[in-house]
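Taking it in order: structure first as structure tokens, then the write-up.
The values are calculated or read from the model by the stated rules, or taken from the named source; none is laboratory data. This structure is a prediction, so every number in the text was calculated from the model and none was measured. Ideal geometry is used to build each Cβ from the backbone, glycine not excepted, and the neighbour counts take in all protein chains shown.
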């Protein structure tokens with residue numbers, strides 16, 4: 001007991017700023033240890049890390065797409081000779097094709113207007129589309145868009 005009182009008296013004799021700093025360090029250590037214990041109990045948060053990685057990839061892809069868009073001329077962009085339109089170079093056309101990820105329902109319907117067999121299949125199937133795709137055909141240097149229908153029955 002005497003030894004304990006001796007050390008307590010020495011602590012009381014320390015300057016106020018040193019005691020406050022010691023208290024701050026003690027609280028910081030307690031907080032860090034508490035979070036370490038909670039982290040061990042409830043896990044590392046792999047799900048959160050996975051979501052963060054996906055978001056980072058999405059942001060990187062958006063930046064890449066914005067860079068591509070900024071290099072294109074403004075106005076209507078086409079891949080053929082036109083009077084009022086801006087013809088894309090083959091390299092630009094391929095880049096735009098590879099950057100395209102979504103084919104809208106309206107685009108599919110428009111394509112079906114000029115392709116009777118596709119329209120017939122599309123209509124018989126109840127206009128149900130499972131997925132769409134856009135890919136660059138290197139052999140023919142063309143952008144190919146399409147869709148996969150839901151298989152019924």
Practice prompt. Examine region 41-49 for a residue that is in contact with a helix residue (DSSP H, G or I) (Cβ under 9 Å, 6 or more places away or on another chain) and either surrounded by 10 or more Cβ atoms within 10 Å (Cβ to Cβ) or at pLDDT below 85 (or both), and state whether such a residue exists.
Written response: yes
Worksheet entry | Search result, residues across region 1-19 that are modelled with pLDDT of 85 or more and either exposed (fewer than 10 other Cβ atoms within 10 Å of the Cβ) or not in a helix (DSSP H, G or I) (or both) | 15, 16, 17
